[in-house]
Amino acid sequence: MVVPFHGGHGVCYPIPSFVEEHKRGLRATCAIYAPRPQELEVDGHWSIPPGPVPPEVFAHLEHLRKHAIPADLRPLFAGSREEVSIQPIYDEKVDRYVDGRLALAGDAATLARPHTGSGATTAMQDVRCLEQLGEKHRG
């Protein structure tokens with residue numbers, strides 16, 4: 001499930017659990033994707049593992065949860081500071097996909113953002129497309 005809001009979106013998806021403490025079955029993993037809060041000053045590449053998320057950053061996430069996520073879905077997006085982690089996602093654009101005999105294709109050319117849940121599907125589509133192109137342009 002995707003919940004769009006101005007400046008970002010939330011996602012929630014089931015993950016099978018075989019760990020006894022999760023009582024075997026499905027559990028949900030949810031994430032909020034939004035620009036980093038201004039209070040979070042960073043240099044270079046960074047991430048914050050579960051636990052040490054600063055209080056002001058956690059407060060920003062709570063604000064997003066309360067104001068951007070519909071009320072009936074908010075419990076899915078709830079989490080304690082000990083459970084929340086922060087992972088940056090960087091977007092890059094290449095100038096060219098072809099240079100002489102080198103061509104970027106598939107994930108090398110266009111990565112799927114990690115929260116779209118479409119990496120495996122995209123990879124299968126890329127393989128099929130490359131197979132068809134190879135058959136069509138066989139030398």
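The set of residues in region 38-49 that are surrounded by 11 or more Cβ atoms within 10 Å (Cβ to Cβ) and either at pLDDT below 75 or at positive phi (or both) comprises GLU39, LEU40, VAL42. Here ILE86 fits the description: outside the structural domain of ILE32 (by TED's automatic domain parsing), within 18 Å of the chain's Cα centre (by Cα) and surrounded by 13 or more Cβ atoms within 10 Å (Cβ to Cβ).
For region 65-83, taking the residues that are surrounded by fewer than 18 Cβ atoms within 10 Å (Cβ to Cβ) and among the aliphatic types (A, V, I, L, M), the one that is modelled with the highest pLDDT is identified as ALA71.
The values are calculated or read from the model by the stated rules, or taken from the named source; none is laboratory data. Being a predicted model, the structure only gives us computed values, none of them experimental. Here the Cβ is made from the backbone with ideal geometry for all residues, glycine too, and neighbour counts use every protein chain on show.
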